[in-house]
Amino acid sequence: MPRTKFTVTVTFLALMVASTISQPVEAASLQSCVAGLKSRIIKAGVPRTVVDKALSDVKFDEKVVRFSRSQPEFRLKIWDYMAFLVDKERLEDGAAKLKQHDKLLRAVEKKYGVDRHILVGLWGVETDFGSQRGDFFIPHGLANVICAGRRARFFSNELLQTLKLVAAGDVKMEDLYGSWAGAFGQNQFLASTYQRNAVDFDGDGRRDLVHSVPDAMASAANFLRKAGWSPGSSWGFEVVLPKRYRGPSGRKRRASLSSWAKRGLKRADGGKLQGKAKAGLLLPAGKNGPAFLVYKSFDALFTYNAAESYALAIGHLADRLKGGKPFVTPYPTDDLGLSRAQRTELQRLLLKAGYDIGKADGKIGPITVKAIKDAQKKAGMKPNGRPSMKIYKALGGE
């Protein structure tokens, strides 16, 4: 989900809402808050018919508010995050998409200079190639986040821009289903990002990022190019650190490849580490885990969702789709994360063990976490609720 930068100059709606909503409100106060939102959006120029249809019968959504307080990119260990984002199923589906849309992807790559494998990797990470776009009705979700006092100015602007897209005919109201934060479409653009970066690549007169794969791929490429992707470049590559490495790290602390070689770093694939190209050293699992030298283009991926783990997942998925191998250096843990198939199987095993967690769908929510904690406790493990390899095998997983 591309993040949106805010400037000192904000919309009329954002200023008004930010001045009146600063503290979380109770569910009973939601309707009053929504009424105020509707009034201000109409004053900002969106037709009343659009506003009424979008914000009628808004109800308190605990799930939206809960999600707004914690994102997986920032709370999961890198080995958990990568395990379900770059798995066998996504690699197989990604290869199929590359073949299916080969002509289109090459055309987009030629026009914008963004590697087509990166575009497919992003598509896979964001929505599993369009199959998982989110089930939150965006106007209602954004209203809940705003009225709960979560970054009211930011999300108020997203709500306004979303309804402006509907009013302009770019998006239909019934297509406004996506993430709790307001992102939607094949590549989960926020409305403000949509306004700035969406393109009509299929030539039908509409910038349709929900149904049109050409528009979605070209728009993602347009975003990344504007964000700093360097045509013909890579995001980076894995390296091996010397023992007891004490040098600098951080993606923004760039030095030439030759300089990194002098510090004892080596390419994990056995190639030569040399040249003047500048890169920063990324250590997502610390000095004892996989290490990476990342170029400026990595920052373009980071801009899309402001999380290094997210950018790394896209880059690694793209490399694997090109035929690359898994990371050479193992993660510094004895309890690895689970793929999506394994997460689903873990839920089946919990159901078999008598835990009433609903259906096994691979989505680890509070009910599944509670069951995992109990199962871990019974197995003599630390009850942290984490869907990991140890509890998976303890329950009979293979």
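All of the numbers you see were taken from the coordinates with simple rules; none came from a lab. It should be emphasised that the depicted structure is a prediction, and the values quoted were computed from it without experimental measurement. Reconstructed Cβ throughout: ideal geometry from the backbone, glycine too, with neighbour counts over all protein chains shown.
Projected label points at K287 and R151, each 7 Å from Cα along the beta carbon direction, are separated by 3.4 nanometres. Only aspartates and glutamates eight or more places from K363 in sequence, or on another chain, were considered; those with a Cα closer than 12 Å are E345. If only the Cβ of Lys and Arg carry +1 and only the Cβ of Asp and Glu carry -1, the dipole of the chain around its Cα centre is close to 1860 debye.
A cut-off of 5 Å between modelled amide H atoms, ignoring neighbours fewer than 5 places along the same chain, links V240 with K266, R267, A268. Treating r as the C-beta distance of K59 and K99 and R0 as 35 Å, the FRET efficiency rounds to 0.20. As a proxy for reagent exposure, T127, T303 were ordered by neighbouring Cβ count within 10 angstrom, fewest first; the result is T303, T127.
Computed from the Cβ-Cβ distance with R0 of 56 Å, the FRET efficiency linking K363 to S259 stands at 0.80.
Distance between the pseudo-spin-label points of K322 and R48 (7 Å out from Cα toward the beta carbon): 5.7 nm.
Estimated at 0.36 nm per residue, the fully extended path between Q31 and T329 surpasses their Cα-Cα distance by 102.0 nm.
Ranked for footprinting exposure by Cβ neighbours inside 10 Å, fewest first, V328, V58 give V328, V58. By the count of neighbouring beta-carbon atoms within 10 Å, fewest first, K99, K278 end up ordered K99, K278.
Expressed in whole Å with the largest first, what are the equivalent ellipsoid semi-axes of region 236-294 derived from the C-alpha gyration tensor as the square root of 5 times each eigenvalue?
Semi-axes (√(5λ), whole Å): 15, 13, 11.
Listed by chain and number, the lysines whose C-alpha is less than 21 Å from the C-alpha of K370, apart from same-chain residues fewer than 8 away, are K63, K77, K352, K359, K378, K382, K390, K393.
Partners of K262 within straight-line reach, counting lysines whose Cα lies under 22 Å from its Cα and excluding those fewer than 8 residues away in the same chain: K243, K252, K272, K276, K278, K287, K296.
Extension gain R196-E398, at 0.36 nm per residue separation less the Cα-Cα distance, in nm?
68.0 nm
Among the trypsin sites (Lys or Arg not before Pro) in region 337-368, those placed in a DSSP loop whose Cβ has at most 14 other Cβ atoms within 10 Å are K359, K363.
Which residues does a label at K382 reach in region 326-346, if reach means a backbone N under 16 Å from a point 7 Å past the Cα toward the Cβ? Within reach of a label on K382, which here means backbone N under 16 Å from a point 7 Å along Cα→Cβ, region 326-346 contributes 332-337.
Multiplying the sequence separation of K266 and K352 by 0.36 nm and subtracting their Cα-Cα distance, what value in nm do you get?
This chain segment gains 26.2 nm when fully extended.
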